[in-house]
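Some notes on the structure that comes next.
The values are calculated or read from the model by the stated rules, or taken from the named source; none is laboratory data. Keep in mind that what you see is a predicted model, and the values were worked out from it rather than measured. Here the Cβ positions follow ideal geometry from the backbone for every residue, glycine too, while neighbour counts run over all protein chains shown. For the accessible areas, the whole protein counts, side chains as well, though only heavy atoms, and no ligand, DNA or RNA atoms are used. Shrake-Rupley method; radii C 1.70, N 1.55, O 1.52, S 1.80 Å.
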Amino acid sequence: MTKQEIAEIIESKGNEYGFKMRDMGPAWASEQTSESNIRIELFKETDYDNTRWEDHRVAINLKVTGCICRMGDRRGAEELQKTAEEIARGTKMVADIEKMNLSYIETF
């Protein structure tokens with residue numbers, strides 16, 4: 001896959017699960033607002049076994065993670081339900097992307 005195809009997949013998956021994804025350089029991350037309870041990140045990791053420096057080709061694997069970024073507030077049942085649903089959506093997105101084993105080749 002190309003880096004552009006990866007970006008399209010990440011943006012598409014974000015839209016599917018209700019998260020706006022941004023390319024932050026070394027990682028893609030879900031956009032954070034004062035309402036965000038979860039953060040999803042895709043870190044770029046060099047795959048040294050498949051990198052060919054002499055050919056100017058670097059193999060990049062993406063590792064997806066999620067974390068709870070806001071807790072401790074006292075909330076009523078409605079807010080707790082909304083938070084639980086956001087966490088569930090994030091969990092499904094992380095699992096979905098993990099299964100894809102996203103990677104691409106970068107040239108320099």
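Scanning segment 93-100 for residues that are assigned to a loop (DSSP other than H, G, I, E, B), open to solvent by 30 Å² or more (accessible area, probe 1.4 Å) and free of Cβ contacts under 8 Å to residues at least 40 places away in the same chain turns up nothing. Being assigned to a loop (DSSP other than H, G, I, E, B), in contact (Cβ under 8 Å) with a residue 24 or more places away in the chain and under 19 Å from the mean Cα position of the chain (by Cα) is a property that ARG89 lacks. The set of residues in segment 34-65 that are open to solvent by less than 30 Å² (accessible area, probe 1.4 Å) and part of a strand (DSSP E or B) comprises ILE38, ILE40, LEU42, VAL58, ALA59, ILE60, LEU62, VAL64. Among residues of segment 36-60 that are closer than 16 Å to GLU106 by Cα and charged (D, E, K, R), those with a Cβ under 6 angstrom from a residue that is open to solvent by 50 Å² or more (accessible area, probe 1.4 Å) and assigned to a strand (DSSP E or B), sequence gap 6+ or separate chain, pair up as GLU45/ASN61; GLU45/LYS63; ASP47/ASN61; ARG57/ILE105; ARG57/THR107.
Within segment 16-32, the only residue that satisfies the criterion of being open to solvent by 80 Å² or more (accessible area, probe 1.4 Å) and out of contact with any strand residue (DSSP E or B) (no Cβ under 9 Å at 6 or more places or on another chain) is GLU16.
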